[in-house]
1. Out of 132, 158, 112, which single residue is farther than 25 Å from residue 48 by Cβ, in contact with a strand residue (DSSP E or B) (Cβ under 8 Å, 6 or more places away or on another chain) and modelled with pLDDT of 95 or more?
2. Would you mind listing the helices (runs of 4 or more DSSP H) fully within segment 269-376 where at least 3 residues are surrounded by 18 or more Cβ atoms within 10 Å (Cβ to Cβ) and either of a type in the set (A, V, I, L, M) or in contact with a strand residue (DSSP E or B) (Cβ under 7 Å, 6 or more places away or on another chain) (or both)?
3. For a quick check of your reading of the model, give me the residue pairs whose first member lies in segment 451-469 and is within 20 Å of residue 382 (Cβ to Cβ) and not assigned by TED's automatic domain parsing to the domain that holds residue 378, whose second is of a type in the set (Ser, Thr, Tyr) and crowded, with 23+ Cβ neighbours inside 10 Å, with beta-carbon atoms closer than 8 Å and at least 6 apart or on different chains.
4. Please work out which one of (1) at pLDDT 95 or above; (2) of a type in the set (Asp, Glu); (3) assigned to a loop (DSSP other than H, G, I, E, B); (4) over 27 Å from residue 134 (Cβ atoms) is the condition residue 236 fails and give its number.
5. Residues of segment 54-94 being surrounded by 18 or more Cβ atoms within 10 Å (Cβ to Cβ) and at pLDDT below 95, which ones?
6. Identify all residues within segment 207-238 that are without any contact (Cβ under 8 Å) to a residue 60 or more places away in the chain and within 17 Å of the chain's Cα centre (by Cα); write none if there are none.
7. Name every residue in segment 159-209 that is in a loop (DSSP other than H, G, I, E, B) and among the basic types (Lys, Arg), in order of residue number.
8. Out of segment 239-250, which residues are assigned to a loop (DSSP other than H, G, I, E, B) and either over 18 Å from residue 147 (Cα atoms) or outside the structural domain of residue 32 (by TED's automatic domain parsing) (or both)?
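The values are calculated or read from the model by the stated rules, or taken from the named source; none is laboratory data. Note that this is a predicted model, so its numbers are computed, not measured. Heads up, the Cβs are rebuilt from the backbone with ideal geometry, glycines too, and the neighbour counts pull from every protein chain shown.
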Amino acid sequence: MIKGLSLTVLCCFCILSLYAQHAGSSLLNSRNAKAAPEWVERGVIYQIQPRAFTREGTIAAATQRLRQVADLGASIVYMCPVFVMDTDSNRSTWSPRQIASGMENAKNPYRIKDYFHVDPEFGSDRDLMSFIDSAHGLGLKVILDMVYLHCGANAVFIDRHPDYVKHDKSGHPVTSKWRWPELNFDNPSLREYLYSNMAYWVAVFHVDGFRCDVADGVPLDFWNFARERLQILDPDIAMLSEGERAGDQLKAFDINYGFTWYGLLSSVVEHDSSASVLRAGWVRMASDRPRGARFARYIDNHDTSNDSWYDRTEKRWGYKAVHAALVLNFTIDGVPFIYNGEEAADKARNSIFGDLPVDWSSGNTAEGRSRLSFLQSIIKLRMKERPLWQGSLRWIDNSAPDAVISFVRDYGGQKIVVVINLKKQDIHVRLKPRDDISKAGVKMVLLTDGVSGSVEGDLNVDGYGYWVGSYKE
């Protein structure tokens, strides 16, 4: 979030995000979200931003670090765009954020010139193929970042196919808010060009799926048909929407971004909103979508920790708050999402606009070593405990809702109860009586820090403390 953003503005943003759904979306809750591959349901996403992931900033260097990603326990690698970037040095064609970064770099990974080749800055097409092969050898799935709302002004197809981009009545290209030409989805030939682009990366490079940039800005019927085409090539393909369109997961997408969830979590941890807004937001999001819809649960990514006006979440929130937030994102429903450097408790600025790498030496500090061990443990826990990746979720009332959230995940009678204090103050809390806790048989503590007492009675929870336990009927 932007530094100094007022609580009022942030809350307004969250409220607007919650209610900005398609008309009639409440009817979607009577339908089920499409089934997703098990590797998605059970997965943990790890985002690689190549200019940050290694000092070299290349795909070949990233390949050499894949072993560390696998050892962390992540199962899905999401690679930011590595395709040929537009090099137009006219600053009027740069995005406002690109200019504000102060890095004076014309090459923006999200302003693409050629969708079918790797930019030489990052390496070669062969390097990307080797990266994917190496990831598969380590048991990792790979998804690439496709940017189809807009393109660079010098995109390779524009001279031969000017109608691939939108034009106004005067014949000038229509540009998005990022100042780049918008692709023309009214043109069937443009759609076919993009379908063939996605199919190319699946058929030739064996990529496992796609993260679709600003997916809400692209017609949903395009994504629906793309999904049909791609599943012919790979029935286990996956698609992640960078958007919150309510109908995305009926057919096209397996996961949506959790923009609203991140905004609410930020408002609680960083701006002292009541923790109860998380529960209210979850309920609203669930009611507006097909049953079982999945969200990527993150605290950081290339948008939230980037450029001149951002600090890493680690720096803004502090180590213990990040720990508590990670417990939440790994136990709530959805797919956990880690941004490169989180496992080292990295605080260094990085940017998609230049060479500002993760400070991997932070992993040698006490906090860095503790964070790595913690993430490895919680990833193993999520992989092992089926309720955490496939179970239903029910909220549990408690006596301190402004600070503490509590819920139970349930799969086949196995229940996992989660209690998290999202405030820095120590809290005395009691869970409201629930039969599924008080009458449960076997109890096992799975993960805890800063908590004493009994979950069936009174709990003393330190600031940012948490308790995760398993019950079997």
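1. Result: 158 is the single residue among 132, 158, 112 that is farther than 25 Å from residue 48 by Cβ, in contact with a strand residue (DSSP E or B) (Cβ under 8 Å, 6 or more places away or on another chain) and modelled with pLDDT of 95 or more.
2. Fully inside segment 269-376 and qualifying: 276-287, 319-331.
3. Filtered contacts from segment 451-469: 451/466; 468/331.
4. Just one mismatch for residue 236, condition (4).
5. 88, 93, 94
6. Matches in segment 207-238: 215, 216.
7. Kept after step one, since they are in a loop (DSSP other than H, G, I, E, B), are these residues of segment 159-209: 159-161, 166, 168-172, 174, 176-180, 184-187, 204-208.
Selection gives 160, 166, 169, 177, 179.
8. Step one: list which residues in segment 239-250 are assigned to a loop (DSSP other than H, G, I, E, B), which gives 242-247.
Matches in segment 239-250: 246, 247.
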